[in-house]
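Worksheet: the structure to be examined is printed underneath.
The values are calculated or read from the model by the stated rules, or taken from the named source; none is laboratory data. Nothing here was measured: the structure is a model prediction, and the numbers come from that model. Neighbour counts are summed over all protein chains in view; Cβ atoms, including those assigned to glycine, are modelled from backbone coordinates with ideal geometry.
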Number of protein chains: 4
Amino acid sequence: MLIARACRFGGRVRSCVVKSLACFSTSSSMAKSKFEYVRSFETDDSCLRNCYIVVRLDGRNFHKFSEQHKFTKPNDSRALGLMSRSAHSVMAEMEDIIIAYGQSDEFSFVFKRTSNLFKRRASKLMTHVASQFSSSYVFHWKEFFREQPLLYPPSFDGRVVLYPSNRNLRDYLSWRQADCHINNLYNTVFWTLVQRGGLTTTQAEDRLKGTLAADKNEILFSEFDINYNNESAIHRKGTVLIWEKRDETVTKRVKLPNEEEKEVPVTRSRRRVQDHHCDIIGDQFWEEHPDILEDDNC
Amino acid sequence: MLIARACRFGGRVRSCVVKSLACFSTSSSMAKSKFEYVRSFETDDSCLRNCYIVVRLDGRNFHKFSEQHKFTKPNDSRALGLMSRSAHSVMAEMEDIIIAYGQSDEFSFVFKRTSNLFKRRASKLMTHVASQFSSSYVFHWKEFFREQPLLYPPSFDGRVVLYPSNRNLRDYLSWRQADCHINNLYNTVFWTLVQRGGLTTTQAEDRLKGTLAADKNEILFSEFDINYNNESAIHRKGTVLIWEKRDETVTKRVKLPNEEEKEVPVTRSRRRVQDHHCDIIGDQFWEEHPDILEDDNC
Amino acid sequence: MLIARACRFGGRVRSCVVKSLACFSTSSSMAKSKFEYVRSFETDDSCLRNCYIVVRLDGRNFHKFSEQHKFTKPNDSRALGLMSRSAHSVMAEMEDIIIAYGQSDEFSFVFKRTSNLFKRRASKLMTHVASQFSSSYVFHWKEFFREQPLLYPPSFDGRVVLYPSNRNLRDYLSWRQADCHINNLYNTVFWTLVQRGGLTTTQAEDRLKGTLAADKNEILFSEFDINYNNESAIHRKGTVLIWEKRDETVTKRVKLPNEEEKEVPVTRSRRRVQDHHCDIIGDQFWEEHPDILEDDNC
Amino acid sequence: MLIARACRFGGRVRSCVVKSLACFSTSSSMAKSKFEYVRSFETDDSCLRNCYIVVRLDGRNFHKFSEQHKFTKPNDSRALGLMSRSAHSVMAEMEDIIIAYGQSDEFSFVFKRTSNLFKRRASKLMTHVASQFSSSYVFHWKEFFREQPLLYPPSFDGRVVLYPSNRNLRDYLSWRQADCHINNLYNTVFWTLVQRGGLTTTQAEDRLKGTLAADKNEILFSEFDINYNNESAIHRKGTVLIWEKRDETVTKRVKLPNEEEKEVPVTRSRRRVQDHHCDIIGDQFWEEHPDILEDDNC
């Protein structure tokens, strides 16, 4: 019997080569080799090459979760901050993510089209994102909800979608941001009618039935003196995370010709994830950040 | 414009039907409908019917994680307890899981072959399991590691494998339990040689090179007076979780004919998840629990 | 440059190993190696193991094809014979097909669950079946349609479906045979009303609207003295093809001890495809041919 | 019982709605509805949108086929003509094919990236192409092989590959044309050495071992006075099929104001498939036919 070196978690052996197991003390039926055929039932789910890989997470039963944890309406800044914090944690783990976009209880992560992470296996990519995001959400909860304890572990489900062109990818992100806009405008008016207008939720719902975006803006403006466009950008636009290079100045000890040492300031460029709350439907954002997308015809 | 009722997390609208968005105050380019074609890029990944669906999670970089969190060698009971606690949390969320098996930093969850949960969509099933397990792991950490703070959020990746027959499924579980056996026997001898025998890890490794299971048992017995079969079952066999019906006696207030109330003991049957640390390779376990597997020819 | 031996169709090289192509006379841009990355876009579509693989072919636009080639109504024996002949050709090419079932312009081929043909790649299996069937259909046309020339090459499309259990597979075959029954009963009455009853096709259609199977049998029996159950089995039941062992006696020359030769009769068992036109929904057929299906729990 | 109108091949009913089947004369077990669940085992294999869909066919066992049908070496013009004729037949059936490329016993068909034929289902696309090609090959055999009868029906297998960008698609086609070049140069020298140089096939093989393209050109030129670049383009470049608009002049009867009729020449534009035997690796071909590829960023 030839067995590989113990190498993980208390020394677990991963891919041991077993030549002879006939004399197992416990039972000859424990021979692992005769069961190994079951590995051939695994299927290859690697993503088509040269496509952007999007992993989108959605909170499960977050309507109930948000009520049980007393989220403020229509938006809870602590909750949005925690979502963003968890997304940072995902991006730090997977540098092939070029952009992430989040709103409400969802977050989308976009892997560069040439990524070869996990050999592009869809299952690995989406479970790793879902797992990292979820454990981070619980880990960082207290930093955002100081007074409100976490009552139970929440869950996010995920999916993988592929986009072959820059246009398709931008349209995907536009779709999510348009969704953010529609929902936030509705929720803003709805909760304003309830909280400041004194309507019941049913009355507010009836009031908004059939209204257009312009109608909702009008209600906010004429009845409550609110200009929707002045509402906080994070609520109207959601959160965009991208990598940005920043120059950092650090002090470094250098040896002088005379063997003495000296501290000198050194500037180095470091890649960091930055939050934005801007429009990503129009061209401006993409013109200002030309490095996010790769050329289509590659 | 026809818009559905706000229904989630601060009232987010999911599947609104948008008839006219031309007059958006912000920008006509925010019309969500023109982006919605991107949904057609999602693919259907539902699992073949009448097959067992296995979701297996594996800890990512847990060798490093276990060292940074000072796991005891060769087995850390706190870590195994936390894994099991997290698996309980997953099973409580998804009652279609008929059995789960865990060892070291991995856990497998088996959905019944007739399950229609999430319409059998592989991505939903595996991300939900990965997410719930991961958030539970962090949530319950303190209950198991009282002295050792969690330094950062850990991650688990997952995969889905389908098994068409009871034989295939049992062979899968046997494969994982045989893996547990091989690794645990190796690790037990290895760390005994190091911790009690005074060998360096390199010396222990050399000593074990080429040894068979019988040799390892012999080393333990003759040099350290250890009978491996008396070692703790949780380490030798891993952890099996199954649903079991238990009769519970509760007191209940009942109204008597004379309108008075009285407390009476009531016995009711409740389904609960139970831990086992027994052999699942042989037939005995399956004969004792005939309800776990469904008939093959259905 | 190292190039493998010419091995196909006028000596085409399949998997040549190209070390240096820099000095191509025609153009350095013809270097094949720089294009070979495109192979990585192929995906693995191998079928889940231990499942029956069914390939079903359906004639494309066969309503029109049957009219243009003057098929007799309601059934054309030449057309059914040609379908069966083509199916024999497919089975002769692929011995892992354990049973085939055809009716009208469709044919289903079932590969044994342990087959490893083409590494179980779905695309290879279904295109090979579709191709062999189609070329055979044209090749053998004249043997069945002596007076009617083939006007243009017909086409069949195909699909792959997996069935994990014997029950599922039998239900699939029962589904196709029940389909055959329903259609053939309808067509028999319909064309009897038209051809012998003198109704127009529209009148026949109206007459049958809302009728049950019993009503249709009654029309045939009371108005045309036809007992449907006496109709030809091939039309009522379709065509089942299976492998059967037959003893064949052949003469063989053997050398006698005195060096003379003599012809002796020798009996040997040979596997041949046989046609059946029997019920495959009930148990009898399967009990009489216990070798077709493999044990479920393997 | 509600049954749809007979509509195919002798009036076969496709999607009949069966309300009650309890009184089937033959057997209540023929109730089709209880078997219809087997349809849910079919999986959706539709191709990712906005990608080029390539179906490539390859002759099965064509080395043997070409010998049995006495193909001339190194190239048989009848065989190449028949391949091209069959590819025309495929393109005529499926107008979404924008370009096809063939060489030796293989042919690739490219569907436009926005095609929605068969709802982009891979199985339908590849089996239809394989079937139409194969039946056409047999149907048209006699037009190309007048003296050589077809001995048995040949078979072609197929596969589907997706390419997200114009660059990827062009590289795929370049890969196949470079393959054509390498094989044809090898075969030309090989068979010249055998047929004109008097070498055995083994000797010719040895002679070519390790030679570069330049060496092969040199052998042809110095020993046999052959300039490879003057060899026939169809052999060096393979066959490219594209749709082209041609003006056709037809005579048409028109009614004059005085009620008389007159024949007048009318010019109309018609789309036809045209053969080319040119380089498709460089840019020239694509610049001359800008309509073949769609814009990447759509």
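Some values worked out for this structure:
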item	result
Residues that are at the interface with chain B (Cβ under 8 Å from one of its Cβ atoms) and among the charged types (D, E, K, R), drawn from region A:65-82	A:Lys73, A:Asp76
Test: B:Arg49 is more than 9 Å from every other protein chain (Cβ to nearest Cβ) and of a type in the set (D, E, K, R)	no
Filter result for the condition that a residue is assigned to a loop (DSSP other than H, G, I, E, B) and among the β-branched types (Val, Ile, Thr), over B:Thr202, B:Thr211, B:Thr192, B:Thr188	B:Thr211
Residue that is away from chain D (no Cβ under 14 Å) and touching a Phe, Trp or Tyr at 6+ places or on another chain (Cβ under 8 Å), where the choices are A:Leu199, A:Leu151, A:Leu173	A:Leu173
Region C:200-214, residues that are among the charged types (D, E, K, R) and either touching a residue at least 60 places away in the same chain (Cβ under 8 Å) or exposed (fewer than 15 other Cβ atoms within 10 Å of the Cβ) (or both)	C:Asp206, C:Lys209
Considering residues of region D:46-63 that are of a type in the set (D, E, K, R) and part of a strand (DSSP E or B) only, the residue farthest from A:Asp296 (Cα to Cα)	D:Asp58
Matching option when the condition is closer than 18 Å to B:His289 by Cβ and at pLDDT 95 or above, among B:Ser66, B:Ser104, B:Ser89, B:Ser108	B:Ser108
Test for D:Asp157: is it acidic (Asp, Glu), under 26 Å from D:Ala213 (Cβ atoms) and in contact with a helix residue (DSSP H, G or I) (Cβ under 9 Å, 6 or more places away or on another chain)	no
Residue identified as touching a Lys or Arg at 6+ places or on another chain (Cβ under 7 Å), of a type outside the set (A, V, I, L, M, F, W, C) and surrounded by 21 or more Cβ atoms within 10 Å (Cβ to Cβ) among D:Ser104, D:Ser86	D:Ser104
Test: A:Asp275 is surrounded by 11 or more Cβ atoms within 10 Å (Cβ to Cβ), within 18 Å of A:Lys112 (Cα to Cα) and in contact with a helix residue (DSSP H, G or I) (Cβ under 8 Å, 6 or more places away or on another chain)	no
Any hit, region A:220-232, residues being in contact with a helix residue (DSSP H, G or I) (Cβ under 9 Å, 6 or more places away or on another chain), more than 14 Å from chain D (Cβ to nearest Cβ), in contact (Cβ under 8 Å) with a residue 40 or more places away in the chain and hydrophobic (A, V, I, L, M, F, W, C)	no
Count of region C:196-217 residues which are of a type outside the set (Gly, Ala, Ser) and within 29 Å of C:Tyr101 (Cβ to Cβ)	7
Answer residue from region D:188-199, given it is closer than 12 Å to D:Pro74 by Cβ and of a type in the set (A, V, I, L, M, F, W, C) and is surrounded by the most Cβ atoms within 10 Å (Cβ to Cβ) among those	D:Val189
Boolean, A:Glu42 is at pLDDT 95 or above, closer than 30 Å to C:Arg49 by Cα and either of a type in the set (Val, Ile, Thr) or surrounded by fewer than 21 Cβ atoms within 10 Å (Cβ to Cβ) (or both)	yes
Residue in region C:116-137 that is out of contact with any His (no Cβ under 7 Å at 6 or more places or on another chain), under 26 Å from C:Asp291 (Cα atoms), within 14 Å of chain B (Cβ to nearest Cβ) and of a type in the set (S, T, N, Q) present	no
Residues located in region D:23-39, provided they are facing chain C (nearest Cβ under 7 Å), at pLDDT below 95 and not in a loop (DSSP other than H, G, I, E, B)	D:Ser29, D:Met30, D:Lys32
Selection from region A:124-150 of residues that are touching a Leu at 6+ places or on another chain (Cβ under 9 Å) and either farther than 11 Å from B:Ser155 by Cα or surrounded by fewer than 23 Cβ atoms within 10 Å (Cβ to Cβ) (or both)	A:Lys124, A:Leu125, A:Met126, A:Tyr137, A:Val138, A:Phe139, A:His140, A:Trp141, A:Lys142, A:Glu143, A:Phe144, A:Phe145
Flag if D:Leu169 is assigned to a helix (DSSP H, G or I) and either of a type in the set (A, V, I, L, M) or modelled with pLDDT under 95 (or both)	yes
Single residue of region A:138-148 satisfying the filter (more than 7 Å from chain B (Cβ to nearest Cβ) and either part of a loop (DSSP other than H, G, I, E, B) or not aromatic (Phe, Trp, Tyr) (or both)) that is nearest to A:Ser84 (Cα to Cα)	A:His140
Number of the condition not met by D:Pro153 [criteria: (1) surrounded by 20 or more Cβ atoms within 10 Å (Cβ to Cβ); (2) touching a residue at least 40 places away in the same chain (Cβ under 8 Å)]	(2)
B:Gln132 being polar (S, T, N, Q), within 11 Å of the chain's Cα centre (by Cα) and within 23 Å of B:Ala213 (Cα to Cα)	no
Boolean, C:Arg85 is within 12 Å of chain D (Cβ to nearest Cβ), closer than 17 Å to C:Val160 by Cβ, touching an Asp or Glu at 6+ places or on another chain (Cβ under 9 Å) and in contact (Cβ under 8 Å) with a residue 24 or more places away in the chain	no
Condition met for A:Leu117 (within 26 Å of A:Leu48 (Cβ to Cβ), of a type in the set (A, V, I, L, M, F, W, C) and surrounded by 24 or more Cβ atoms within 10 Å (Cβ to Cβ))	no
Pick from region C:271-298, criterion outside any loop (DSSP other than H, G, I, E, B) and closer than 16 Å to C:Gly102 by Cβ, ranking: farthest from the chain's Cα centre (by Cα)	C:Phe285
